[in-house]
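Down below is the structure, laid out as structure tokens.
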Amino acid sequence: MSYSKPWRSYDEQLDLLISRGLTVTDRPLALEYLERIGYYRLSGYLYSFRERSALCCPLEKPVLRKKFKQGDTDRLVLENYKPGATFKQAVDLYVFDKSLRLLVLDALERIEIALRVDISHTLGEKDQFAYLKPELFFEKFSQEINSKTGLTKYHDWMCRHAQLINRSKETFVNHNKKKYGLPLAIWVACEVWDFGTMSTLFAGMKEADQDVIAQKYGVSNGRVFASWLRSLNYIRNVCAHHSRLWNRNVIDKPQFLNEGELPWIDGFRHDEHGKARPFLVFCIARFLLQRINPSSSWGERMKTFLLTDFPDLDHLGLNLQGMGAPDGWEAWDLWR
């Protein structure tokens, strides 16, 4: 296929937005934002401002884009913007999302560091080089061969681990290499793991070891806890790559414990929209931080931020429900 979209100057980009119904009250400032943020990145936020049309409407113009599900109704996304949509509102939503990513990363950093300690301490008790012992891990992780790659998940993990060790310029890594050589003890090696490396290793641990760590955080089932870490890692990658977060569709959805174990999560059990949006993962982060640092102010900061800093976009049908926040969430014990 040939690519048909032409290069456009910033003025042409802005004119295109205006021709589609977007209100621009300060053209010079709007041009500055296009130069700094970029049309393509900003269009991710503008997408929510676009009109929707019923599928039964005649396809008169090529402005009809793609079909999506909203409840049980098929809708089509139009190129035109809803009445009252402005360029400034898109920038406000972009700025909100940027601040949201920074706040979420603050929580994920604390969770990542705490879990590195838990995993390395639990496995280190079995062997100081436990990550080199496939027999210490779940059989499906350490022995099942991927038919496409010919490798196990454990082999994939070891390759990633080796890359992190080799790339590291940290003083403690160089010190341990010089004084003790390789391999590094697990309580040293864990300090170079990123969230994905850590969560993958946890998923490969034996169930009994998973349960020991999960129960420390008030979660009875280590496999459910592993799914939570995958969801947190997905959100972490979104934040780390400066991608849109506020209404992101979460690909790695968290699993649920038995009904009644954690009342705050049961409200999402039959909420398909809530399951697929980031607010549920924010709740998980809040829950874990309460165990890691009960005096942390993160929950209050997040609650205040969401309630006060989300742009006033009700006239466009946009609010915190877009990120999966149920009505009345701010009164939950979890967020008090």
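Readers should treat all values here as calculations from the given coordinates under stated rules, not as data from a laboratory. On a predicted model such as this, the values are computed, not experimentally measured, just so you know. Cβ atoms come from the backbone with ideal geometry, glycine included; neighbour counts cover every protein chain shown.
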Sparse-neighbour loop sites [trypsin sites (Lys or Arg not before Pro); the stretch 259-308; at most 13 other C-beta within 10 Å; DSSP] | ARG269
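For LYS216 and ASP11, what does the FRET efficiency come to when R0 = 45 Å and r is the distance between their Cβ atoms, rounded to the nearest 0.05?
On the way: r = 58 Å, r/R0 = 1.28.
Efficiency at R0 = 45 Å is approximately 0.20.
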Highest mean first, what order results for 232-244, 195-207 on Cβ atoms within 10 Å?
-> 195-207, 232-244
For the stretch 137-154 versus the stretch 1-45, the gap between their alpha-carbon centres in whole angstrom | 47
Taking the Cα centre of the stretch 92-335 as the origin and placing charges on Cβ (Lys, Arg +1; Asp, Glu -1), which of LEU182, ILE113, HIS270 is farthest toward the positive end of the dipole?
-> LEU182
How many nm is it between the label spots at LEU182 and LEU151, if each spot is 7 Å from the Cα in line with the beta carbon?
-> 1.5
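Pick out, in residue order, every one of the chymotrypsin sites (Phe, Trp or Tyr not before Pro) in the stretch 4-38 that is DSSP loop and has at most 14 other C-beta atoms within 10 Å; say none if there are none. Provide the component values of the computation, followed by the final result.
Working: sites: TRP7, TYR10, TYR33; in loops: TRP7.
Of the chymotrypsin sites (Phe, Trp or Tyr not before Pro), the ones in loops of the stretch 4-38 whose Cβ has at most 14 other Cβ atoms within 10 Å are TRP7.
Determine the shape class of the stretch 142-227: with a ≥ b ≥ c the square roots of the Cα gyration tensor eigenvalues, call it rounded for a/c under 1.5, and otherwise prolate if a/b is greater than b/c, oblate otherwise. Numbers along the way, then the final one.
Numbers: a/c = 2.55, a/b = 1.36, b/c = 1.88.
Because a/c hits 1.5 or more and a/b fails to exceed b/c, the stretch 142-227 counts as oblate.
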If R0 is 45 Å, what FRET efficiency do you get for LEU136 and SER19 from their C-beta distance, rounded to 0.05?
-> 0.10
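Using DSSP to call loops (not H, G, I, E or B), can you name the trypsin sites (Lys or Arg not before Pro) in the stretch 69-176 whose Cβ has at most 16 other Cβ atoms within 10 angstrom? Please report the intermediate quantities before stating the final value.
Values: sites: LYS69, ARG75, LYS88, LYS98, ARG101, ARG110, ARG116, LYS126, LYS140, LYS148, LYS153, ARG160, ARG167, LYS169; in loops: LYS126, LYS148, LYS169.
Counting only loop positions with at most 16 other Cβ atoms within 10 Å, the trypsin sites (Lys or Arg not before Pro) in the stretch 69-176 are LYS126, LYS148, LYS169.
When a/c reaches 1.5 or more, the comparison of a/b and b/c decides; with that in mind, is the chain rounded, prolate or oblate per its Cα gyration tensor?
Prolate, because a/c is 1.5 or more and a/b exceeds b/c.
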Distance in Å, no decimals, from the C-alpha centre of the stretch 181-241 to the one of the stretch 291-336 is 26
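What FRET efficiency do you get for ARG110 and ARG41 if R0 is 22 Å and r is their Cβ-Cβ distance, rounded to the nearest 0.05? If you can, show how the numbers build up before the last one.
Details: r = 28 Å, r/R0 = 1.29.
After rounding to 0.05, the efficiency reads 0.20.
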What nm distance separates the two modelled labels at LEU307 and ARG160, each placed 7 Å from Cα along Cα→Cβ?
-> 3.8
